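The values are calculated or read from the model by the stated rules, or taken from the named source; none is laboratory data. Predicted model only: the values in this text are computed from it and were never measured. With ideal geometry, Cβ positions are generated from the backbone for all residues, glycine too; neighbour counts draw on all protein chains shown. Side chains included, ligands, DNA and RNA excluded: accessible areas come from the protein's heavy atoms. Shrake-Rupley method; radii C 1.70, N 1.55, O 1.52, S 1.80 Å.
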Amino acid sequence: MLTLRSYLGAKLPHWLMTKWLPCLVELDIINCSAIKELTVFPSSLGQLYISGCTSLESLECLSPQNLPVIKIISIVNCDKLESLPVEKLSGFSFLEVLIISYCPKLICSQKLMLPSSLKTLALKACCGINCSLPGSLFNVASLTKLEITHCPHRTSLLWCPIIKLDELIVSDCEELEWLERLGDPLRLKKLSIIRCPKLRVNEMLTPECGENGTIALQLSELAVSDISILRSPVLRNAIPCIKKLTIDGSNVVKLLTPECGESGTIALQLSELAVSDISILRSPVLRNAIPCIKELTIYGSNVVTLFTGEDNEILEQFVSLEQLMFNDCANLQLLELPNLNSLKSLKVYGSPELKLVSDKGLPSLQRVGCDNLTDCLWCQEFIHRNFHK
């Protein structure tokens, strides 16, 4: 493995070629802001990761001739990338993972051609690439994970019914209405549909799935933001099997009452829960699941204080909680924790305004995580109070 980080040259070093590195398997090119073009790679590469190369304009060097055994290609946060030989991708006989993420200027004049070996495809905020869908998915019977995010103008996705997806992630596609021919829904283990307000999930899952669409999906993870998604009979029957649930937005709570089960108390068997609004934790459906949850994540909240006053009592009900994480709660200044006897790990990231984390007792705590311990006063004080007694 070789990592090239913050390199200031306009081209790759001359020694980065097969002649000098005949056995190199993985190459990471990270935050090399001056590089405009990549030309030659060692032919032995099996994994190529390119990230944060903000001046990179072309990747015409990506070809089966230059990278005959490549298995993973990941291109992320290349703001000026305009050219990618998508028509050559089908020639990568061993390619299993393709990730193209946040390359806003990337425009593909040719149709995206994917190899039959591909197992994971992730296209994020790359409208120029997304325009090649859906036809490009018809030949990829091996695909098990598909992620499409930030595709604001696409109205439908259609792919071959022989595809057997294990994981489907669709988010921030405001105009997406149809998601047809899912393949075999019984194989789905992870389903995430976030901020796609026009998507008709009921039509996606019925009637092919079974009589009245009431088959027993084997979902282990579900993430939703639109309450209409949970109205699908297929998803409703799968809810008791879900181990990890992500609820994005408080409006979902409106659905998590009586129709989901008697008095809204269905038998959830959750071990992990992630929410963007702690009011969700008051849902009757979650009431019976909370004592068994081991990992809780609060993310994207804009509030200044968390778990103060009556909200502190909600957290006390997590009697089995082992990991508590706060992600990107940008305005958070005060966090109050009750007595959590089972808590082993506390992590707070993306909360630059946080001043104080108080607690009433965390006897099992072993790990504390933050963005930067040197500059994080709350974390220094918290560690001193809990670990230097």
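Points worth noting:
- The stretch 88-101, residues that are open to solvent by 30 Å² or more (accessible area, probe 1.4 Å), modelled with pLDDT of 90 or more and of a type in the set (Ser, Thr, Tyr): Ser93
- Qualifying residue in the stretch 317-324 (condition: of a type in the set (Asp, Glu) and surrounded by fewer than 17 Cβ atoms within 10 Å (Cβ to Cβ)): no
- Looking only at the stretch 150-168, residues that are open to solvent by less than 10 Å² (accessible area, probe 1.4 Å) and modelled with pLDDT of 85 or more come to 1 in all.
- Whichever residue in the stretch 103-132 is over 22 Å from the mean Cα position of the chain (by Cα) and basic (Lys, Arg) and, among such residues, is modelled with the highest pLDDT: Lys105
- Residue in the stretch 284-291 that is modelled with pLDDT of 90 or more and surrounded by 14 or more Cβ atoms within 10 Å (Cβ to Cβ) present: yes
- Answer residue from the stretch 339-350, given it is in a loop (DSSP other than H, G, I, E, B) and either in contact with an Asp or Glu (Cβ under 8 Å, 6 or more places away or on another chain) or of a type in the set (A, V, I, L, M, F, W, C) (or both) and is surrounded by the fewest Cβ atoms within 10 Å (Cβ to Cβ) among those: Asn339
- Of all the residues in the stretch 351-389, those that are open to solvent by 30 Å² or more (accessible area, probe 1.4 Å), under 13 Å from Leu324 (Cβ atoms) and in contact with a helix residue (DSSP H, G or I) (Cβ under 8 Å, 6 or more places away or on another chain) number 2.
- Members of the stretch 325-338 found to be open to solvent by 10 Å² or more (accessible area, probe 1.4 Å) and not in a loop (DSSP other than H, G, I, E, B), listed by number: Met325, Asn327, Leu334, Glu336
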